[in-house]
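One structure is given here, and the rest of the page talks about it.
The values are calculated or read from the model by the stated rules, or taken from the named source; none is laboratory data. Only a predicted model underlies this, so the values are computations on that prediction, with no experimental measurement involved. Cβ sites come from the backbone with ideal geometry, for glycine too, and all protein chains shown count toward neighbours. Each accessible area value is taken on the protein alone, full model and side chains, heavy atoms only, with ligands, DNA and RNA left out. Shrake-Rupley method; radii C 1.70, N 1.55, O 1.52, S 1.80 Å.
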Amino acid sequence: MEIIKLLGNKLAEKINVSSPAGRGLIKLAINDELGPFKPLNQLEFVDFKNTIKNSLKMRLEKLDINSTSEIIDLLLEKLTKNQSLITIGTV
């Protein structure tokens with residue numbers, strides 16, 4: 001999905017890891033938040049928003065990432081500005 005790619009790349013840039021690692025953190029957080037049986041192409045804006053605010057934030061805190069709150073705010077802003085990308089993966 002394009003939104004996962006966008007958010008994962010931005011996360012990777014902020015925490016200084018590879019792009020695949022950033023996307024992986026997003027996908028693991030989705031799995032934590034929604035369970036393993038919800039297909040990625042059925043996720044909605046609110047699913048991504050809750051995942052970032054809850055599961056991803058907890059993962060970053062466990063990894064002792066500095067400025068976690070700023071990173072979460074940035075990702076939420078990116079999500080809001082680019083929410084049209086969510087529908088690209090569902091067609």
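Structure values in brief
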quantity: Solvent exposure of the chain as accessible area per residue, Å², 1.4 Å probe; calculated: 59 Å²
quantity: Rounded tilt (10° steps) of 2-15 against the dominant C-alpha axis of the chain; calculated: 0 degrees
quantity: Radius of gyration, Dmax [the chain; alpha carbons; angstrom]; calculated: 11.9, 38
quantity: The chain: relative contact order as a whole-number percent, Cα under 8 Å and 6+ apart; calculated: 37 percent
quantity: Total formal charge among the other residues, if their Cβ is under 13 angstrom from that of residue 82, Lys/Arg +1 and Asp/Glu -1; calculated: +3
quantity: Karplus-derived HN-Hα couplings along segment 69-84 (A = 6.51, B = -1.76, C = 1.60, θ = phi - 60°), whole Hz, x at Gly and Pro; calculated: 4, 5, 5, 4, 4, 5, 5, 5, 5, 4, 4, 5, 5, 10, 4, 5
quantity: Cα-projected label distance for residue 21 with residue 69, points at 7 Å along beta-carbon direction, nm; calculated: 2.6 nm
quantity: Loop-resident sites, segment 13-91, for GluC sites (Glu not before Pro), counting at most 15 other Cβ within 10 Å (DSSP); calculated: 44
quantity: Sulfur and carbon atoms: percent of accessible area, the chain [1.4 Å]; calculated: 49 percent
quantity: Angle in degrees between helix 19-34 and the longest Cα principal axis of the chain, rounded to the nearest 10; calculated: 70 degrees
quantity: Net charge of Cβ neighbours under 13 Å - reference residue 58; Lys, Arg +1; Asp, Glu -1; calculated: 0
